[in-house]
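Below: the structure, in structure tokens.
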Amino acid sequence: YAALKAEALACQRCALAKTRKNVVFSDGNPGARLMVVGEAPGAREDKTGLAFVGPAGKLLDLHLGSVGLSRADSAYICNVLKCRPPGNRNPLPVEIQTCTPFLRKQIELISPQAILAVGTFSGQFLTGMAKPLGRLRGEVYSYQGVPVVVTYHPAALLRNSGWTRATWDDLQLLRQVMDGA
Ligand code: URA
């Protein structure tokens, strides 16, 4: 794990290396049973080097808390891309392709009991399906044998609170998966 992290922190594989301040490898507990996978670092994450520490991260913490999970103890948090796309634009397909070997290795090493994919890019990568988020959520998928639940990105919820109820349902589904139901 330390070697993978060191490799990511020194990564120059794509052009984002030129504009990033920090590589954002993760936050939370590497020994956690739950792995949360978001999209890409934002401004605050780029500045601190930690995943989901801005406004979306605060909401994510509340969501995790609502089903008895926390960043400090029971969640390991990372992203599809480890570097911030300028202006928070969407990840490019070539960036996803170049960066996700890190994520794949991270999943292997963390070996979580369940994965929560937040947002379209994470949901599509982990399910292998090119569907819009509204049609990905509500089901349990498998990534290399690890159950995956897909939900809305907390940043999307900050813009459209109409998805709050669906997100709540997704978190209940995650809880059931983690409780072995
Ligand atoms: N949005 C993400 O997808 N990831 C972060 O780390 C922060 C905001």
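Inspect segment 64-74 for any residue being more than 13 Å from the ligand (Cβ to nearest atom) and within 24 Å of Glu7 (Cβ to Cβ) and give the result as yes or no.
No.
Over 24 Å from Lys5 (Cα atoms) and modelled with pLDDT of 95 or more: which single residue out of Leu174, Leu109 fits that description?
On the way: Leu109 fails: over 24 Å from Lys5 (Cα atoms).
Only one candidate passes the filter, namely Leu174.
Is it the case that Ala156 is touching a residue at least 12 places away in the same chain (Cβ under 8 Å), surrounded by 13 or more Cβ atoms within 10 Å (Cβ to Cβ) and out of contact with any helix residue (DSSP H, G or I) (no Cβ under 6 Å at 6 or more places or on another chain)?
For Ala156, the condition - touching a residue at least 12 places away in the same chain (Cβ under 8 Å), surrounded by 13 or more Cβ atoms within 10 Å (Cβ to Cβ) and out of contact with any helix residue (DSSP H, G or I) (no Cβ under 6 Å at 6 or more places or on another chain) - is met.
Being among the small types (Gly, Ala, Ser), closer than 23 Å to Val23 by Cβ and in a loop (DSSP other than H, G, I, E, B), is that true of even one residue in segment 113-125?
yes
What about Lys5, is it over 13 Å from the mean Cα position of the chain (by Cα), in a loop (DSSP other than H, G, I, E, B) and basic (Lys, Arg)?
Taking the combined requirement at face value, the residue does not satisfy it.
Take the residues in segment 29-51 that are within 11 Å of the ligand (Cβ to nearest atom) and in contact (Cβ under 8 Å) with a residue 40 or more places away in the chain; name whichever of them is farthest from Asp169 (Cα to Cα).
Ala43
The values are calculated or read from the model by the stated rules, or taken from the named source; none is laboratory data. Being a predicted model, the structure only gives us computed values, none of them experimental. In this analysis, Cβ positions are derived from the backbone assuming ideal geometry, glycine residues included, and neighbour counts consider all displayed protein chains.
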